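Since the structure comes first, as structure tokens, the remarks are kept for the end.
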Amino acid sequence: MKLRADHVAGAFFVAIGLLVIILSGDLPYGQLSMPGAGFLPRIVAVLIILFGGLLFLRARESPAFSEIAWDDGRHALQVIVITAVAVLLYIVLGFLITMILMMIALMIVIERKNVLRAAAYSACVVIVTYITFAHVLKSPLPPGVLGYY
């Protein structure tokens, strides 16, 4: 059997789905009429496992893993670093500031967009997201040390 790109990707997604199920095992599942905190992670994990398995099974349609060009690694590393910095700053700066800065950084550094347009777009997207999570879904967001969400 020739190892193909979708073999690797499918196996990765199955492993991530299993990891999510293991890590969310202590969360209460609840019932269908009143789901608990572990309900959604398990549903998402099962779907990730299902689609990862389908991807693995249809791998013969993908290119061989050895033929994949890894020339976009620099771009991927930039995204990972910017996201990791945002994760580290999330508790300190809060949701609004961290997410706006992360989106601006991604759009300017990675996508090479205009600074003012990137800032305006980032602010709009993050404010709509904040309103959706904080007010519509009533999901608690951690305030930063400055007291901002």
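The values are calculated or read from the model by the stated rules, or taken from the named source; none is laboratory data. Here the structure is a predicted model, which is why all the values come from computation and not from measurement. All Cβ positions, even for glycine, are placed from backbone atoms using ideal geometry, and neighbour counts span all protein chains on display. Accessible surface areas use protein heavy atoms only, side chains included; no ligands, DNA or RNA. Shrake-Rupley method; radii C 1.70, N 1.55, O 1.52, S 1.80 Å.
Observations on the structure shown:
- The calculated FRET efficiency for the pair Val85 and Ser139, based on their C-beta separation and a Förster distance of 22 Å, comes to about 0.40.
- Neighbours of Ala5, meaning other residues whose beta-carbon lies under 12 angstrom from its beta-carbon, give a summed charge of +1 when Lys and Arg score +1 and Asp and Glu score -1.
- Dipole of the chain, positive direction: furthest Cα of Ala120, His75, Ile91, with charges on the beta-carbon: Ala120
- You can think of it this way: the chain between Leu19 and Gln78 has 18.7 nm of extra reach, that is 0.36 nm per residue less the Cα-Cα gap.
- When each full DSSP H helix of the chain is screened for a Cα extent of at least 18 Å along its own axis and an average Kyte-Doolittle hydropathy of at least -0.5, the helices passing are 5-23, 39-57, 73-93, 115-130.
- Euclidean distance of C-alpha centroids, segment 9-76 and segment 96-144, integer Å: 26
- With a 1.4 Å probe rolled over the protein heavy atoms of all chains, the accessible area of Leu57, Leu106, Leu89 falls in the order Leu57, Leu89, Leu106, largest first.
- Computed [θ] at 222 nm, deg cm²/dmol, the chain (DSSP H ≥ 4; -39,500 (n - 2.57); rounded to nearest 500): -19500 deg cm²/dmol
- Ordered by solvent-accessible area of protein heavy atoms (1.4 Å probe), largest first, the residues His75, His135 come out as His135, His75.
- The accessible area of Leu18, taken with all protein chains in place and a 1.4 Å probe, comes to roughly 90 Å².
- Given a 1.4 Å probe and the protein chains as shown, Ile127 ends up with an accessible area of around 80 Å².
- Histogrammed with a bin width of 10 Å, the alpha carbon distances of the chain distribute as 10, 22, 31, 27, 9, 0 percent, first bin at zero.
- Rounded to the nearest 10 square angstrom, Arg58 shows an accessible area of 140 square angstrom against a 1.4 Å probe.
- R0 of 30 Å, Cβ-Cβ distance Ala120-Phe12: FRET efficiency to nearest 0.05: 0.25
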